[in-house]
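Taken together, the values in this text are just the output of simple stated rules run on the coordinates, not laboratory data. Treat the numbers as computed from the prediction; the structure is a model and nothing was measured. Reconstructed Cβ throughout: ideal geometry from the backbone, glycine too, with neighbour counts over all protein chains shown.
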Amino acid sequence: MLEAGGVREAMSTAVAARPDLVVLDLGLPDGDGLSLVQSLREWTEVPILILSVRGQEADKISALDAGADDYLTKPFGSGELLARLRVAMRRVARSDSEPVLATGGLVLDMARRVVTVDGSEVHLTVTEYALLKTLALHSEKVLTHNQLLKMVWGSDHTTEAHIVRVNISNLRRKIEPDPLHPRYIVTEPGVGYRLRLLDPTAGAL
């Protein structure tokens, strides 16, 4: 494990050591941690977990929009921290080029563009499929409304968060056993959405 005391040292350490994971406090003595996140994202997709006393939704959204993978507010228990670290590493272990993603009873075959739930094919619109695929390629990572708008609809729609909410609702009706209590696409209140990775052997509730 390597440690750095500030933005400049952290950047030089990351370039030299190419870490598998970055745990970052936003309050650094020589600058804001957000600038470090943005700089790292210019050249690496290493998972970045933010630990901060800043607990406002706006702070979380800013960090995630900058490129962080997850955000944990202090104080927190060691068990929760370890769980978040395991999730981040599990996401890295799965290649984004993997043609099939299975989570619980939901299977997304990207090569064939086929979605099934508990063995039955589900028919999605072009937008619904693009939204699900985007969430799948970043599974277990919180994607903000702005990120989803840019990835699925393009930069011209970045002020239209309601489009995301409507399509998430439609998608949940088609893939969730209980859309009111989703098990696949979970909401991070005030921030965005995350596709959970469940045991593929776990069927519908």
Checklist outcome for this item: Under the Karplus relation with 6.51, -1.76 and 1.60 and θ = phi - 60°, whole-Hz ³J(HN,Hα) for segment 179-195, x at Gly and Pro, equal x, 6, 10, x, 10, 9, 9, 9, 8, 9, x, x, 10, x, 9, 9, 8
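Dividing the alpha-carbon Rg of segment 10-110 by 2.2 N^0.38 Å yields what?
Working: Rg = 15.0 Å, N = 101, 2.2 N^0.38 = 12.7 Å.
The value comes to 1.18.
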Checklist entry - Just from its helices, what would the mean residue ellipticity at 222 nm be for the chain, if runs of 4 or more DSSP H residues each count -39500 (n - 2.57) and the sum is divided by every residue, rounded to the nearest 500 deg cm²/dmol? => result -11000 deg cm²/dmol
Checklist entry - Where Rh denotes the Kirkwood radius from the mean inverse Cα pair distance, what is Rg over Rh for the chain? => result 0.98
Item to check | R0 of 30 Å, Cβ-Cβ distance Q56-A17: FRET efficiency to nearest 0.05 | outcome: 0.40
Checklist entry - For the pair K174 and R41, how long in nm is the line joining their label points, each one 7 Å along Cα→Cβ? => result 2.8 nm
Checklist entry - So how far, in whole Å, is the C-alpha centre of segment 122-183 from the one of segment 1-62? => result 27 Å
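Could you give the longest part of the chain that holds none of the chymotrypsin sites (Phe, Trp or Tyr not before Pro) found in DSSP loops with at most 15 neighbouring Cβ atoms within 10 Å?
Numbers: sites that count: W43, F76.
The answer is 77-205.
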Checklist entry - Just in segment 1-82: which GluC sites (Glu not before Pro) are loop by DSSP and have at most 15 other Cβ atoms within 10 Å? => result E3, E42, E45
Checklist entry - From the cross-link list K74/K174; K74/K150; K74/K141, which pairs have alpha carbons spaced over 27 Å apart? => result K74/K174; K74/K150
